[in-house]
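The values are calculated or read from the model by the stated rules, or taken from the named source; none is laboratory data. Bear in mind the structure is a predicted one, so any value in this text is a computation, not a measurement. Because the Cβ atoms are built from the backbone with ideal geometry, glycine has one as well, and the counts that use them run over all protein chains shown. Areas reflect the complete protein model, heavy atoms only, side chains present, ligands, DNA and RNA absent. Shrake-Rupley method; radii C 1.70, N 1.55, O 1.52, S 1.80 Å.
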Amino acid sequence: MDGMALKFPSFKFLNPNTSTIRSPPLLRKFSSSSSSLPVSASGTTLREAGPASNSVSLGQLTRPDFPILHQKINNGSNLVYLDNAATSQKPISVLKALQDYYESYNSNVHRGIHYLSAKATEKYEQAREKIAAFINAEESREIVFTRNATEAINLVAYTWGFANLKSGDEVLLTTAEHHSAIVPWQFVAQKTGAVLKFVNLNEDEVPDVLQLKEMISSKTKLVVVHHISNALASSLPIEDIVHWAHAVEAKVLVDACQSVPHMPVDVRDLDADFLVASSHKMCGPTGVGFLYGKSDILSTMPPFLGKLLLEPRVVYIHRPRKKVV
């Protein structure tokens with residue numbers, strides 16, 4: 001059993017630049033003779049995950065970690081969940097972390113000096129540092145927490161977009177982009193006079209990268225592209241796209257909702273100006289996403305959402321009494 005390999009689904013990515021198929025990333029081998037066999041959050045090891053065989057699937061190893069999958073449905077069959085591109089289920093470690101917060105240090109972050117607030121703030125900033133390290137950002141201040149990737153894209157659109165786009169400027173997208181990556185730029189275009197241009201699919205039904213390269217011009221101010229498509233499984237060559245865009249001083253926003261959970265993503269290698277992802281697609285809680293932005297760009301962007309300087313208080317409104325005749 002030496003050289004035991006975790007089997008991944010027979011899912012492959014199309015490389016639209018070459019129209020060739022490439023294998024999925026992150027195939028890792030583990031030796032059964034090793035003292036450091038992979039252990040799931042529930043304590044399951046490769047040996048315990050299933051029947052003895054030359055290999056065990058990643059699903060067998062991790063299934064015990066997900067309480068929602070322990071239920072029986074219909075005629076007593078085990079629940080099988082395959083909609084991870086839409087949202088992922090949550091492992092016990094995530095559920096315990098949420099429970100620990102509400103039981104141990106539930107408090108507002110950056111809003112108090114008492115013990116609970118200080119601990120919540122510390123954990124909050126630790127999470128920011130972990131995300132920065134996970135995508136290899138230069139510093140944690142390049143990570144902006146949002147409610148989801150949609151809000152992260154809107155943040156860029158309503159701050160950087162309105163401040164930098166003008167009539168005649170072009171925003172380049174592909175027809176395979178998620179709806180939430182298109183609509184914000186339609187709003188910006190309507191108000192600024194900027195023009196949206198779309199790259200079509202090629203004969204392999206993936207975005208035509210060669211057409212994208214040809215469409216980048218001196219009028220291009222922003223390129224919005226997915227890293228991996230949630231519908232087509234197309235994997236775009238982000239490093240090349242960034243190089244072409246930067247050659248004409250255009251910015252690049254990458255929708256990495258599908259890539260960050262499934263493959264190594266190094267923002268310094270990609271060199272993208274903005275990148276967004278969402279927690280609920282990577283086994284995290286719902287209602288949390290993040291925007292990565294280069295610090296020199298973020299520092300020039302105006303605030304997105306305002307907050308009242310004074311917390312809400314009871315307001316007494318003086319209404320003159322009607323004069324009784």
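Key figures
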item: Karplus-derived HN-Hα couplings along region 174-190 (A = 6.51, B = -1.76, C = 1.60, θ = phi - 60°), whole Hz, x at Gly and Pro; result: 10, 6, 9, 5, 5, 3, 6, 8, 9, 4, x, 6, 5, 4, 4, 5, 4
item: By accessible area with a 1.4 Å probe, ligands and nucleic acids excluded, highest first: order of H226, H110, H280, H179; result: H179, H110, H280, H226
item: When each of K130/K294; K90/K130; K197/K294; K213/K251; K96/K281; K123/K294 is checked by Cα-Cα distance, pairs over 21 Å; result: K197/K294; K123/K294
item: At most 16 other Cβ within 10 Å, DSSP loop - GluC sites (Glu not before Pro), region 173-238; result: E203, E205
item: Stretch gain in nm, segment A163-S140, where the contour uses 0.36 nm per residue and the Cα spacing is subtracted; result: 5.8 nm
item: From phi via Karplus (6.51, -1.76, 1.60), per-residue ³J(HN,Hα) for region 160-168 in Hz, x at Gly/Pro; result: 5, x, 5, 7, 10, 9, 9, 4, x
item: Coil-residue trypsin sites (Lys or Arg not before Pro) of region 79-183, DSSP, other Cβ within 10 Å capped at 12; result: R111, K166
item: Accessible surface of M282 - all protein chains present, 1.4 Å probe, nearest 10 Å²; result: 60
item: M282 versus E103: modelled label distance in nm, points set 7 Å from Cα along the beta carbon direction; result: 2.7
item: Integer Hz, Karplus 6.51/-1.76/1.60 couplings in order for region 238-244, x for Gly and Pro; result: 4, 4, 5, 4, 4, 4, 5
item: Rounded percent of accessible protein surface that carbon and sulfur make up, region 110-174, 1.4 Å probe; result: 52
item: Global geometry of region 264-303, whether rounded, prolate or oblate, following the gyration tensor of its Cα atoms and the 1.5 cut on a/c; result: oblate
item: Paramagnetic reach from N230 (point 7 Å along Cα→Cβ, amide N under 19 Å) across region 272-289; result: 275-289
item: Accessible surface, 1.4 Å probe, highest first, among residues E239, E138, E249; result: E249, E138, E239
item: FRET efficiency, K72 to F187 (Cβ-Cβ, R0 56 Å, nearest 0.05); result: 0.75
